[in-house]
Number of protein chains: 2
Amino acid sequence: MSGYVRTLAERAREASLILAALDGAERAALIAAMAERLDAQRDAILAANADDIARGEAAGLSAAMLDRLRLDPQRLGAIAGALREVAAQADPLDGVTRSETRANGLVIERKRVPLGLIAMIYESRPNVTADAAALCLKAGNAVLLRGGSEARASNAAIAAALHAALRERGLPVAAVSLIEDTAREHVLELLQLSDLIDLAIPRGGESLIRFVAEHARVPVIKHYKGVCHLYVDRAADLDLAVNLLVDGKASRPGVCNALETLLVHRDTAAAFVPRALAALSGRGVQVRGCERVRAFAGEGGYEVAAADDGDYAAEYLDLIIAARVVDDLDQALAHIARYGSDHTEVIATADPATADAFVRRTRSSAVMVNASSRFNDGGQLGLGAEIGISTTRLHAYGPMGVESLTIERFVVRGAGQVRHPESLER
Amino acid sequence: MSGYVRTLAERAREASLILAALDGAERAALIAAMAERLDAQRDAILAANADDIARGEAAGLSAAMLDRLRLDPQRLGAIAGALREVAAQADPLDGVTRSETRANGLVIERKRVPLGLIAMIYESRPNVTADAAALCLKAGNAVLLRGGSEARASNAAIAAALHAALRERGLPVAAVSLIEDTAREHVLELLQLSDLIDLAIPRGGESLIRFVAEHARVPVIKHYKGVCHLYVDRAADLDLAVNLLVDGKASRPGVCNALETLLVHRDTAAAFVPRALAALSGRGVQVRGCERVRAFAGEGGYEVAAADDGDYAAEYLDLIIAARVVDDLDQALAHIARYGSDHTEVIATADPATADAFVRRTRSSAVMVNASSRFNDGGQLGLGAEIGISTTRLHAYGPMGVESLTIERFVVRGAGQVRHPESLER
C-alpha cells in the first residue's frame, strides 16, 4: 500500500468535520455555487471530455460506453440543474426526528447527523462525480471519489469546478476528494481504511460491485442486480397487467428496475399469455418460457425459446424476458425467493387479500401493487435524486436519497439527572 | 470449511421466512411461551450451568468470569422476566412508517420488515442466548447463536427450552439455531456466509469484536469500546458536574457507558478540580492527570499520576479516570475527536449556546447535556431491551432495540400506473 489514498482520506475526513458544522443554508448555497461553476467552466469540462472520448475511441470502447462517457452542453446543463435541485431539497439534518420526555425529566431527542466520509467507486459516467458530491455534501458528508480511468480527464475537470466553489467559500477542497490515479491498487487501499471511511458505495457493473464487496473492510451498501418480477394473479385486470408488462420490460430495458421475469397464475394463463406474447412480440421482446408458456406460442405463431434456470436468474438488461406459468401464489413466491435479487417485485391483482399476502411474503426492497416496476427510483418515490440503490438489508433498502447519507443519534437534555443517586452519597 | 455452519444457516434462513410471515400477536405469544419454558425447565438449565461452572473452576477461570457465567433461580427468573417484557413491547413491524400520495396517484408507503437472519457472536453470559433470541424473534428474524465455549452446556439447555416453545407452536426450531460446536473455525465459516446472514452482532471483549470485524464478509454492527468524556464547561453548575462525575465513574465502572476521561475548562479548574479530586478520592477512584490537574493535587494531599496518551485513549472499566484541563471548548472537542470512541460524551454547562455547540461538534452516538453518561442504555433511552450498541455510523448508532433489527422497505399501491405511457402505444 502506497499510502496515497490514506493521505487523501485523512484530509477528506478532516474536511468532513468542517462540513458537518455548516448549517443547512450554507450547504445549500455551496451546492448552488457548484452548479454555477459547472456552467462557468463548461468549455474546460467539454474539452477534457473530448480528450477522454478520443482516448476511448482509440482504445476501442464500445458505442454504449462512449455514450455513457460523452458530455455535451445539454448533458452538462442537466448536471448543473440536478445540483440546483439537490440544493433546493429540504435539509436532511434539520430538526429533531423524534423526541420523548422520560419520567425522570430527561428529554431524549433523536437527530440526524452526517455519516462522515463516504467513498464512491464508479465507472464511466462523469455525471456521478457531480451528483454524488452534491448528495454527500447536502447531508454534511465529505466524499472520496474514484471514477473510471476512461473518464479521468472529465472527472478531474468537473472536480476542479466543484473545488472552485469550495475555495471561493473558504471551505477545504478536500471535502470533495478525487482519486486521480485510477490504478486498481488504490481501490484496494481505499477499501481497507475502516478507521477513516464510514461507507463505500460502488456503482457500476456486477463485477465492480463484487470486487468491492469481496475486498472491503469498510461498510458497503450495494445492489448486485435487479431481477424484477411481474406476477399476474388470477384476479388481475388483464389490460392493466399488459400495461405493466410493456412499461416494465420495454420502456427502458437497460436499467435495474426493468422487468426480467413474468409469472402468470395458471387460471389466467389462457387469457393472458397470448396477449402478453403479442404485446412483447410487437415491441421486439424475445420470450424464454416454461413448457406451459410455450404451449401458447404456437397459436399466435410466436417463437418462444425454452427457459432454463439461467434464464430465471438472469438480469438481461435487454429486450428479453423469461416467462413461467405458476400453479398459485405460493409457487410464484417460491420462484421469487429462489431467483430474485431483492430489488423490485410487482403484482397485478384486483384482490386485496392476495395483494397483501404478496406484499407480506416478498422480501424485496420495493413491492408494487398494480404499478410498474419502473417506479422504483428515488425521484419517482419522492426521495429526490438518488445516490444508489441498496439491496443490502441494512441501513437503507431500496433507492437511497440524502436521508440515507445520515444516521440518527441520541441527544439527551437533562438538569443534572444521574442514574444511581445512591452512588452520590458517601 | 466444514459446511457445518452453512447447513445450520440455510435452515435458519428458511425458518426466517416463516417467522417473517407471523403477525405481531403470534410473535409475542411465542416469546411469552419461551419465558414459560425457561421457568418450567429451570432445574435442567441450572444443572447444565453447574456443569459449566465446575468445568470453568477446573479450568481456572477468574472469579469475574465465573460470576458472568453463573445462573441461579433469581437470575434465571430475571431472564424469563426480560422475555415477558420483550413480548409485551409494541410490534416493531406494525403499521406504516410513512405514507405519501404522489401526483400520479401512487401511494408510496414505507413499512418495516425483518432483516432476515441475524448471527450473534458472544462470550460467557448465558442470558444473551435467551435475550438475543427474543429480540430477534420479536422483529420477525431468525437467529444463529454462537456463545462462548465456557457456557456451552448452559446455552444448550436454554436453547432446548426455547425450542420447546417453538415446537409446541408448530414453528421450526431452526428459527433459534445454536452453534453447539464452539470451535473457532466455525465462527470463521459463519462470517463468510454473506448469501445467508443479513447481520452479525458481536458482543464481548474488544479482541472478540476485532476478530469478527477483521474476518467478516457479512455486515457487522459493533462497538469496540466506550471512552466516554465529561466536559465541565466554565459555565457549569459545579454541584451538578460533581454528581455527573461520580455517577459516571463510580456507580458501575465496568460498563461501556462509564466515564473514562474528565475535561475541565481552565477558567473553572481552580474551583472544580479540587472538588472533583475529593469526590473521586472518596470513592477510591485513582486519577491520572495532566500537569494542570496535578498542580491541584498537592493542595488536598491527593495522589495524581501523570496522564499520557495511553491514558487518554484507555477504556479503564475500573476505578481509574484520566483528567485534563483544557483552554476552551475547541480544545475539549479536539481531545474528544482524537481519543474518543463515538460512544457517549457529556457536557456540564448552564450556557445553552455552548451546549448546542458541543452537541453539534461531537460525532458520538449519544451526547448528554447535564445528564449522566450512564443513561446511554436502551432501557433508559426508552427503547426497551437492547441487543447491542453501535458505534458504526450505519443502520443504527447508539443502543439498538428491536427497531434496529428491522429495515424500512417501499410498498407502492397503484391502479395500473406506468412510468412511460408513450411506451404502451404502438
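Some observations on this one:
- Answer from A:E408, A:E386, A:E403 - the residue that is charged (D, E, K, R) and in contact with a Ser or Thr (Cβ under 6 Å, 6 or more places away or on another chain): A:E408
- Candidates A:A297, A:A279, A:A200: the one that is in a helix (DSSP H, G or I) and either on the phi > 0 side of the Ramachandran plot or at pLDDT 95 or above (or both) is A:A279.
- With respect to the conditions (1) outside any helix (DSSP H, G or I); (2) open to solvent by 40 Å² or more (accessible area, probe 1.4 Å); (3) farther than 30 Å from B:A415 by Cα, A:E185 lacks only one, and its number is (1).
- Test: residue in segment B:162-169 that is open to solvent by 40 Å² or more (accessible area, probe 1.4 Å), over 22 Å from the mean Cα position of the chain (by Cα) and hydrophobic (A, V, I, L, M, F, W, C): no
Every residue, every condition in (1) among the hydroxyl-bearing types (S, T, Y); (2) under 16 Å from the mean Cα position of the chain (by Cα); (3) open to solvent by 30 Å² or more (accessible area, probe 1.4 Å), yes or no:
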position	(1), (2), (3)
A:E206	no, yes, yes
A:I209	no, yes, no
A:E214	no, no, yes
A:L230	no, no, no
A:A241	no, no, no
A:K249	no, no, no
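- Some residue of segment B:257-272 being within 11 Å of another protein chain (Cβ to nearest Cβ) and either surrounded by 24 or more Cβ atoms within 10 Å (Cβ to Cβ) or not basic (K, R) (or both): yes
- Within segment B:72-103, tally of residues that are open to solvent by less than 40 Å² (accessible area, probe 1.4 Å) and in a helix (DSSP H, G or I): 9
- When residues of segment A:1-10 are limited to those that are open to solvent by 60 Å² or more (accessible area, probe 1.4 Å), over 27 Å from the mean Cα position of the chain (by Cα) and of a type outside the set (S, T, N, Q), the one farthest from the other protein chains (Cβ to nearest Cβ): A:Y4
- The number of residues in segment A:34-63 that are farther than 19 Å from A:A151 by Cβ and open to solvent by 10 Å² or more (accessible area, probe 1.4 Å) comes to 3.
- Within segment B:129-175, tally of residues that are part of a helix (DSSP H, G or I), closer than 22 Å to B:I389 by Cβ and hydrophobic (A, V, I, L, M, F, W, C): 8
- B:A153 passes every criterion in (1) among the small types (G, A, S); (2) farther than 19 Å from B:A80 by Cα; (3) open to solvent by 10 Å² or more (accessible area, probe 1.4 Å) apart from (2).
- All strands (runs of 3 or more DSSP E) inside segment B:335-426 with 3 or more residues being aliphatic (A, V, I, L, M), under 30 Å from B:A236 (Cα atoms) and facing another protein chain (nearest Cβ under 9 Å): B:366-371
- Condition check for B:L145: within 21 Å of B:L208 (Cβ to Cβ) and crowded, with 19+ Cβ neighbours inside 10 Å: yes
- Single unsatisfied condition, B:E214 versus (1) assigned to a helix (DSSP H, G or I); (2) touching a residue at least 12 places away in the same chain (Cβ under 8 Å): (2)
- Considering residues of segment A:104-128 that are part of a loop (DSSP other than H, G, I, E, B) and more than 10 Å from chain B (Cβ to nearest Cβ) only, the residue modelled with the lowest pLDDT: A:S124
- Residue ranges of helices (runs of 4 or more DSSP H) in segment B:1-71 with at least 3 members charged (D, E, K, R): B:4-21, B:24-40, B:42-58
- Within segment A:212-238, being more than 8 Å from chain B (Cβ to nearest Cβ), out of contact with any Gly (no Cβ under 8 Å at 6 or more places or on another chain) and among the charged types (D, E, K, R) holds for A:K225, A:D233, A:R234.
- Selection status of B:A119, touching a residue at least 24 places away in the same chain (Cβ under 8 Å), open to solvent by less than 10 Å² (accessible area, probe 1.4 Å) and more than 24 Å from B:L188 (Cα to Cα): no
- Residue within segment B:314-331 that is in a strand (DSSP E or B), open to solvent by 40 Å² or more (accessible area, probe 1.4 Å) and at pLDDT 95 or above present: yes
- Lone unmet requirement of (1) under 22 Å from B:V418 (Cα atoms); (2) touching a strand residue (DSSP E or B) at 6+ places or on another chain (Cβ under 9 Å); (3) away from every other protein chain (no Cβ under 14 Å) for A:A276: (3)
The values are calculated or read from the model by the stated rules, or taken from the named source; none is laboratory data. All of these numbers come straight from a predicted model, not from anything done at the bench. Glycine gets a Cβ as well: all are built from the backbone with ideal geometry, and neighbour counts include every protein chain shown. Just the protein is used for accessible areas: all its heavy atoms, side chains included, with ligands, DNA and RNA removed. Shrake-Rupley method; radii C 1.70, N 1.55, O 1.52, S 1.80 Å.
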